[in-house]
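Here the structure comes first, spelled out in structure tokens, and everything after it is commentary.
The values are calculated or read from the model by the stated rules, or taken from the named source; none is laboratory data. Note that this is a predicted model, so its numbers are computed, not measured. Neighbour counts run over all protein chains shown; Cβ positions are idealised from the backbone, glycine included.
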Amino acid sequence: MQSNDNQLSHVSPVRGMKDLYGKDYKSYSKFLDVALQIGSLHCFSVMNTPIVEHLDVFVRSIGESSDIISKEIYEFTDKNGKRLCLRPEGTAAVMRAIVSEKLTQSMPLKLMYYGEMFRYDRPQKGRYRQFRQFGLEHLGDKSPYNDANIILIAHTIFSKLNIKDIAVNINSIGGLESRSKYILCIVDILSSKAKYLSVDSKNRLAKNPLRILDSKDKTDQEICASLPSILEYLSSDEMSYFETVQNCLEICGIDYKIDKCLVRGLDYYTDTTFEIKKDGLAICGGGRYDNLLSEFGGPNVSGVGCAFGIERVCEYISVNIADNTCVAVIPVSDDDMPYAYRVFNVLNCDCKEFIHLGNIKKKLQRANKINCRVAVIIGESERCGNNVCVKWMGSGEQKIIDIDDLNSSVC
Ligand code: HAM
């Protein structure tokens with residue numbers, strides 16, 4: 001027999017994870033409906049990858065010194081000694097799958113995905129250890145129009161969901177050459193201020209200095225604000241690429257700001273990076289990645305994409321939890337059960353409930369409680385007359401209807 005304490009501790013979900021049901025599930029499903037619909041409209045097709053992946057899939061792509069890999073990855077060794085992990089994001093996993101499924105000949109490829117991601121971060125509002133993402137990845141056809149298009153699709157998803165007052169922040173971190181020059185410059189400046197940097201950023205100075213721009217520490221952020229902009233280090237081709245992205249956003253009437261510190265927390269980005277924020281929290285992030293597919297042995301094909309934090313977006317989705325779409329079928333007595341059961345199976349509406357326990361008063365109370373729009377009541381005279389008594393719960397109006405007309409009358 002286990003102690004009470006033990007029982008209580010494993011009744012709650014694991015810290016940073018939550019049960020999904022009721023209103024939260026409704027907004028999750030509303031988000032997914034809209035996102036998948038807009039994704040399909042833009043010719044993206046679904047590819048969902050496994051939750052468990054080889055650890056290397058992420059270490060090599062996201063970068064060993066990123067927070068995600070160095071602190072947050074849920075890794076474990078399986079019974080066969082393989083180093084595996086729960087995926088922390090979807091992009092690298094989709095690249096692995098493209099190579100593994102031999103889809104590299106079908107470029108350009110437009111894929112979308114959704115599912116659980118895992119990061120062992122400190123839980124707080126909007127930050128979970130298990131969370132869900134919806135992502136879009138467009139491979140092949142490197143063009144600033146495609147970068148802008150991903151931002152535009154994300155923007156469309158938010159407006160379809162009626163989520164307003166979002167801030168679109170964009171930046172470009174250029175290619176390897178210009179980024180190396182910029183890194184040399186900031187290492188010089190930051191080394192002279194090293195004693196003011198957070199412990200994490202001091203470590204990053206040697207391992208991955210660009211990551212310091214992504215620091216959440218206030219003092220680090222103040223120091224970074226005085227650094228020169230990475231845009232000054234872009235080649236003229238990279239700059240004109242970035243300007244075309246901006247022109248496209250302007251043509252589509254999308255308000256954006258350039259955030260020179262927006263380098264993103266994952267190492268695979270090149271050129272355009274972006275984040276969409278609401279109330280200061282990123283609800284979607286993405287950018288271009290030139291070398292990710294080739295990291296997995298695929299061709300040298302560039303991609304651009306983004307991912308939404310579904311829990312964060314759902315905070316802003318309003319759903320009507322009391323939507324009264326349900327039709328209840330109610331037999332008056334046990335003798336009416338077989339006929340009522342047949343009627344229940346004939347019903348072709350979105351939501352139906354067979355209420356057969358208790359007396360008629362209890363059954364009607366139950367129909368009310370679950371907010372049914374209509375009750376189809378079946379007593380002896382209906383059973384004998386091959387019809388049903390339909391009661392509209394809102395108005396109380398009642399009508400006898402032939403069973404053949406039931407669907408057209410109530411569904
Ligand atoms: P990310 O910025 O790491 O990018 O995550 C995308 C979104 O996931 C964030 O903007 C945020 O809304 C949500 N998110 C991240 N961490 C958490 C958390 N701990 N709890 C709740 N929500 C969270 C990526 O994952 C890239 N794969 C995006 C991408 C796709 N880039 C190119 N293609």
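Are there any pairs with C-beta distances below 9 angstrom linking a residue in the range 58-74 that is touching a residue at least 60 places away in the same chain (Cβ under 8 Å) and at positive phi to a residue that is near the ligand (Cβ under 10 Å from one of its atoms) and of a type in the set (Ser, Thr, Tyr), with the two at least 6 apart or on different chains, and if so which? Pairs found: GLY63/TYR268.
Evaluate the following for LEU249: is it in contact with a strand residue (DSSP E or B) (Cβ under 8 Å, 6 or more places away or on another chain), modelled with pLDDT of 95 or more and crowded, with 22+ Cβ neighbours inside 10 Å? Against the criterion (in contact with a strand residue (DSSP E or B) (Cβ under 8 Å, 6 or more places away or on another chain), modelled with pLDDT of 95 or more and crowded, with 22+ Cβ neighbours inside 10 Å), LEU249 does not qualify. Working only within the range 139-192, note down all residues that are in a loop (DSSP other than H, G, I, E, B) and of a type in the set (Lys, Arg). Correct list: LYS142, LYS164. All conditions in (1) within 8 Å of the ligand (Cβ to nearest atom); (2) of a type in the set (D, E, K, R); (3) outside any loop (DSSP other than H, G, I, E, B) hold for ARG264, with the sole exception of (3). Every condition in (1) at pLDDT 95 or above; (2) within 13 Å of the ligand (Cβ to nearest atom); (3) surrounded by fewer than 19 Cβ atoms within 10 Å (Cβ to Cβ); (4) not aromatic (Phe, Trp, Tyr) holds for SER143 except the one numbered (2).
Criterion first (within 12 Å of the ligand (Cβ to nearest atom) and over 22 Å from TYR241 (Cα atoms)) does ILE283 satisfy it? Judged against the criteria, ILE283 is a match.
The criterion of being in contact (Cβ under 8 Å) with a residue 40 or more places away in the chain, hydrophobic (A, V, I, L, M, F, W, C) and in contact with a Pro (Cβ under 7 Å, 6 or more places away or on another chain) holds for ILE378.
Residue count for the range 10-39 under the criterion of being outside any helix (DSSP H, G or I) and in contact (Cβ under 8 Å) with a residue 24 or more places away in the chain: the result is 5. Per this entry, ILE254 is not counted among residues that are assigned to a strand (DSSP E or B) and in contact with a strand residue (DSSP E or B) (Cβ under 8 Å, 6 or more places away or on another chain). The residues in the range 161-179 that are loosely packed, with under 15 Cβ neighbours inside 10 Å and either within 30 Å of ALA35 (Cα to Cα) or modelled with pLDDT under 95 (or both) can be counted, and the count is 4. Does the range 324-331 contain any residue that is farther than 14 Å from ARG383 by Cβ, buried (at least 19 other Cβ atoms within 10 Å of the Cβ) and either among the hydrophobic types (A, V, I, L, M, F, W, C) or within 37 Å of the chain's Cα centre (by Cα) (or both)? Yes, some residue in the range 324-331 is farther than 14 Å from ARG383 by Cβ, buried (at least 19 other Cβ atoms within 10 Å of the Cβ) and either among the hydrophobic types (A, V, I, L, M, F, W, C) or within 37 Å of the chain's Cα centre (by Cα) (or both).
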